[in-house]
Every structure is written in structure tokens, then in C-alpha cells.
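To start, the structure itself, in C-alpha cells.
The values are calculated or read from the model by the stated rules, or taken from the named source; none is laboratory data. Predicted, not measured: the structure shown is a model, and the values here were computed from it. A quick note on method: Cβ atoms are made from the backbone with ideal geometry, for glycine too, and the neighbour counts reach across all protein chains shown. Ligands, DNA and RNA are excluded from the accessible area calculation, which covers all protein heavy atoms including side chains. Shrake-Rupley method; radii C 1.70, N 1.55, O 1.52, S 1.80 Å.
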Amino acid sequence: MSEASFDFDVIVIGAGYGGFDAAKHAADDGLKVAIVESGEMGGTCVNRGCVPSKALLAASGRVRELADAEHLSGFGIHAAPVRFERQKIADHANQLVATIRSNLTKTLQRAGVTILRGHGRLEGSQRIGLREKSGVDRLLTARDVILATGSDPFVPPGIETDGRTVFTSDEAVNLEWLPRWIAIIGSGYIGLEFADVYTALGCEVTMIEALDRVMPTFDPDITKMAARHLIEGRDIDARAGVLASKVIPGCPVRIELAEMKSRELVDSLEVDAVLVATGRVPSSKGLNLESVGVETNRGFVPIDDSMRVLVNGKPLPHLWAVGDVTGKLMLAHTAAAQGTLAVDNIQGHSRTIDYRSIPAATFTHPEISSVGLSEADAKDLAAKDGFELGSVRSYFKANSKALAELESDGLMKLLFRKDNGEVLGAHIYGLHAADLIQEVANAVARRQSVAQLATEVHTHPTLSEVVEVAYKQAAKQLAKAVVASASAS
Ligand SMILES: Cc1cc2nc3c(=O)[nH]c(=O)nc-3n(C[C@H](O)[C@H](O)[C@H](O)COP(=O)(O)OP(=O)(O)OC[C@H]3O[C@@H](n4cnc5c(N)ncnc54)[C@H](O)[C@@H]3O)c2cc1C
Ligand SMILES: NC(=O)c1ccc[n+]([C@@H]2O[C@H](COP(=O)([O-])OP(=O)(O)OC[C@H]3O[C@@H](n4cnc5c(N)ncnc54)[C@H](O)[C@@H]3O)[C@@H](O)[C@H]2O)c1
């Protein structure tokens, strides 16, 4: 097909953050772009993810703060009993969703992107089949196609959802009611954030985690401190090493718990509601990937670091994939970064992504954040590349700002190479951890050494001094290691 005969330069399938950034960037670059969306503009993050969940966390966080008489009395403040209106908290989240969805749609329209409403699928190379909402089928062609179809909640076998008493985050963000007792299955990002919301609003929570400790995907030392505050310190009964093997919706909801290893039934519960927060699966089934010979990895579309879709490890010309459907760090900012990067590569500016420098945060009160390697991965890398791993800890209880806020529960762990000082990763639990991690992410992106970072001046009194202290401790360790290695040689 000649260049001129394509309907579009780029067609993007899926208008979540990945698709949005790709389409906007391509249109800004002067390309003729269409975006296909079968559901709501903005995808998961805007409609059922980051945006409504953070609105709920903002409101419920304030309830928690105002209800915490002990904390307030530390400042000499005695507040009246706090009251809240569930519906108004839900309305705040819904209104924010509507505003951001509308802004995002207008931004695409202003950039000149054609918005096509319907289901998109591949019909061979550079060809898209569009089933419009009206039922009409169209065939469109594009020089390049970007798949950005995202992900959906994973519901394990044996768990039945009804959207009312047993539900996933898709429904939880609507905060339609407040169960007296809710079981949350999974202690990952969603489990933790919703446990924060529900406990702040007075619900009793049972947290069920299949792996042998709660928060299994977080740094073990950070988890120890965070779990003490976010789980043990609240109205949460946490059970690890047990699988929710059967869940039957109703009034009450019945849950069967099996021991993870033996799969033997160990307990049963009757609760008012269940939130299933057990991970997400790629949304790639309806894409007709077979028409171009792509084999998925459990539904995830294989890509290289330039976002090219791979067949047998080799890139397919003109087909790209970004966001959750690729299964790399399933976060909104990853999807957006991948979207922009795909377009840069389409335009011939060869770029690859650096996943190591992408930060992640859980917006509990206080927050948890991380960037770079886990300690286990950093140890493996040290063994493989033959360097000594450095690790330092910086505590919020030594930080003036945290003490002034009466929020000194917190820890930062910094991992670095003891041969050249390069920062490999950081893990933080504490007040504003989500903001604090950004400075370390920038250092990881630039592969900077703690020797240089330790000389950079931080504002006093701010929480950023927690990071400064970590850099300074690490620089001291580095200097000692360099002297030791010089005297040994
Ligand atoms: C409760 C919750 C809270 C979260 N909080 C955060 C957070 O605080 N920070 C963060 O970084 N991340 C967060 N995430 C993750 C974030 O939402 C996702 O990583 C992000 O939305 C992925 O973007 P995406 O563009 O890849 O896909 P999606 O946002 O899932 O968008 C994909 C779009 O494609 C459409 N689509 C699918 N198939 C087709 C088709 N065949 N034709 C046409 N359209 C199609 C879908 O309707 C959807 O609109 C959260 C997720 C959840 C569930
Ligand atoms: N703040 C954020 O950035 C944010 C917030 C929410 C979600 N997200 C994204 O959404 C994704 C999904 O979040 P999530 O919390 O659902 O997944 P997750 O992978 O973070 O955690 C799922 C947990 O459920 C457990 N589990 C699975 N099956 C189980 C069963 N049958 N019984 C008991 N436990 C079981 C797993 O061991 C795991 O600990 C995240 O990976 C993240 O990418 C991000």
C-alpha cells in the first residue's frame, strides 16, 4: 500500500493514558491520527482507577485525620466528633472523573485527533476493523497501529462477583455503600488503598493474602514498618498464607479459606461484602492478534524496549503496543511514557525505555513508594556483575519536618553500588513518600552516584532531608569502600 493511500498515519486502539499520550503526541507532531475507544474515554485510570481512588483517599484521609483525637491532642487541638456524608464523598470522586474525562477528550479533539467510538481489532497488517456502537462495521488503514487496550480486574476461579456484595475495584470506586464488615482479597496496591479508605470510614476489614506475608510485593523492611501502622494499627484482621478459594455473593457473603500450600479448607467467614483485589489481566482477547501472527504471553502483548510488537522475538513492522496490555509496570505514567516513546520511534527518533527509573507509589496514609531494583534483585545483580551492594536507612523520626507534623513513622532504604556509587533503587514508607521518590527516580534515570548526590543542598525543614541523609550516609560508605579497595590493591 502506498503512503498516500492510508486513511490515517496512526491509529491507536484504546483511549486510556497510554493511548491518549500516543495520540496526542502523534497529532502534535503533525500526523493524521485516529483513536478507537469501545468504553469510556480515559480508560481505567480516569474512570475506574487512579482518579476516583485518589479522590476517595483524599476525602477519607481527612476523615481519618480529624477523627484521630490522640494525634490532634498532640497539637493541643480538640475537634468535635467528625461526621461525613458517604454520598458526597462518592460525588466528589464521580465529579472529578467527569471533569478529567471531559478535559482529556477536548484535548484530543483540539489536537486534531479523530475519535472513533467502537471496538477495534486487527484485520492483518496496517488494517483495523472497527465495529461502531451502532453495529456498523468499517475497515480502516493506517501506516502505523498502536495497541493500548489496557487491562481488566482478575477474578480468581471459585470467586463469583455480583457487583454489589462481591465486587472489584471497578465498582468499589463508586462507594455505593459502606459495609460494616468487608473482606479484601489481596494485599497489593488496590487492597492497601481500599483498606485505607474503608477503615477511615469506619468499616471493619479482614484482609486475605494468599502468599506467606501481607504486602508480598513490597520491600520486606518497608513492609514491617508499614504493616505495623497501616494494618496492625487499624481495624484490620490480616491473614496471610490463605487463599480465598470460594466466595458466594449474598447477604451475608460466604467465603471459604484454604491453606495456600495444602489447599485444605481452614476457615469460613460470613461478611457483608468482599472486594476482590487480586491483580489485573491484559485486555487483548478481542484484538485478533492471530491475524498478524502475534502470540501473547498469558494475554500480554510481547514488545521490545522501543514498543515494537514481537513475533518470535522479532519486531513486526508498523505494529506497536503500550500500557497495561504489555504487562510492564502496570501504572498510568508507564503507559503514558510508553505511548510517547512509541510515537518517537514511529517518527524515526530511535528511543528505548528505562523501566528501572519509573517510580511507583501506594497512596495510603502514610504513603509507600519505590523506584529501581528490589533488594533481592540488587543482590543478584551484585553477584552477577561482581560488585558489593551498599544499603543505608534513613528514618523519618530524625527529620524536623516529620516531627513538627507529629508524623515521624517512616523509613527510607537506599540501595547503591559500592564500587561507583550508582543508585540502584529506593524504597520509602512515610509522609509524602510518593513525592519523595521522584528525586531518587531522577537520580536512577541519570545513573548518578551518591558521591555527587550527597553534595546537593536540600531545603530545611522539609521531608526531602530524609533523602539527603540517605545520600550522605551512602556517600560515607562509598568513600570507605573506595579507600579499602585502594589499600587492598
Ligand atoms: C483502582 C486502581 C487504582 C489505580 N491507581 C493508580 C495510581 O494511583 N497511579 C498509577 O500510576 N496507576 C494506577 N492504576 C493503574 C492505571 O490505571 C493503569 O496502569 C492505566 O490505566 C493503564 O493505562 P492503559 O492506557 O494501558 O490502559 P487502560 O487505562 O486500561 O485503557 C485501555 C482502554 O482501551 C479500551 N479498549 C480495550 N479494548 C479495546 C478495543 N478492542 N477497541 C477499542 N477500545 C478498547 C478500554 O475500554 C480502555 O478505555 C490504578 C488502577 C486501578 C484499577
Ligand atoms: N497506586 C498505584 O499506582 C496503583 C493503585 C492500584 C492499582 N494499581 C495497579 O493495579 C494493579 C493491580 O493491583 P492489585 O492490588 O489488584 O494487584 P497486586 O498484584 O498488587 O496484588 C494482588 C495480591 O493479591 C494476592 N492474591 C491473588 N489471588 C489471591 C487469592 N485467591 N486469595 C488471596 N490473595 C490472593 C496476591 O498474592 C497479591 O499480593 C497493580 O499491579 C498496579 O499496577 C496501581
Open item on the list: Positive end of the dipole of region 52-179, charges at C-beta (+1 Lys, Arg; -1 Asp, Glu), about the Cα centre: which of 155, 105, 56 has its Cα farthest in that direction?
Closed with: 105
TODO: Normalise the Debye intensity by I(0) for region 88-131, one equal point scatterer per Cα, no solvent, then take log10 at q = 0.17, 0.22, 0.25, 0.26 Å⁻¹ and round to two decimals.
DONE: -0.69, -0.81, -0.86, -0.88
Task: Charged-residue dipole, Cβ positions (Lys, Arg, Asp, Glu), region 122-215 about Cα centre, Debye nearest 20 - done: 380
Task: Rotationally averaged projected area of region 357-488 (alpha carbon convex hull; nm²) - done: 7.8
Task: Mean-position separation - Cα centroids, region 259-294 and region 177-194, in angstrom - done: 16
Open item on the list: Which three extents, in angstrom, do the Cα atoms of region 123-180 have along their principal axes, listed largest first?
Closed with: 54, 25, 20
- [ ] For the chain, build the charge dipole from Cβ charges (+1 Lys, Arg; -1 Asp, Glu) around the Cα centre, then report which of 215, 238, 252 sits farthest towards its positive end.
- [x] 215
Open item on the list: Could you compute the net charge surrounding residue 159? Neighbours are other residues with a C-beta less than 12 Å from the C-beta of residue 159; K and R count +1, D and E count -1.
Closed with: -1
Task: Kirkwood-based shape ratio for region 43-156, expressed as Rg/Rh from alpha carbons - done: 1.21
Task: Dipole of the chain [Lys/Arg +1, Asp/Glu -1 at C-beta], most positive-end residue of 376, 226, 358 - done: 358
Task: Residue-normalised accessible area of region 55-163, expressed per residue, 1.4 Å probe, Å² - done: 55
Task: Rough spin-label spacing in nm, given labels placed 7 Å along Cα→Cβ, for residue 456 and residue 350 - done: 3.0
Task: region 327-378-region 451-484 distance, computed between alpha-carbon centres (Å) - done: 25
Task: Around residue 283: net Lys/Arg minus Asp/Glu count, Cβ-Cβ under 13 Å - done: +1
Task: Cross-link partners of residue 106 among lysines (Cα-Cα below 19 Å; sequence separation of 8 or more within a chain) - done: 24, 32
Task: Rg/Rg_ref, the chain, where Rg_ref = 2.2 N^0.38 Å and atoms are Cα - done: 1.05
- [ ] Can you tell me the FRET efficiency between residue 235 and residue 420 if r is taken as the Cβ-Cβ distance and R0 is 51 Å, rounded to the nearest 0.05?
- [x] 0.60
Task: Hits among lysines - C-alpha to C-alpha of residue 379 under 25 Å, sequence gap 8 or more where chains match - done: 224, 328, 413, 418, 472, 476, 480
Task: Counting DSSP beta bridges with both ends in region 88-197, the antiparallel % (nearest 5) - done: 100
Task: Reach of residue 261 by Cα under 13 Å, taken over aspartates and glutamates that are not fewer than 8 positions away in the same chain - done: 209, 212
Task: Descending semi-axes in whole angstrom, ellipsoid equivalent of region 166-278, from the Cα gyration tensor - done: 20, 19, 11
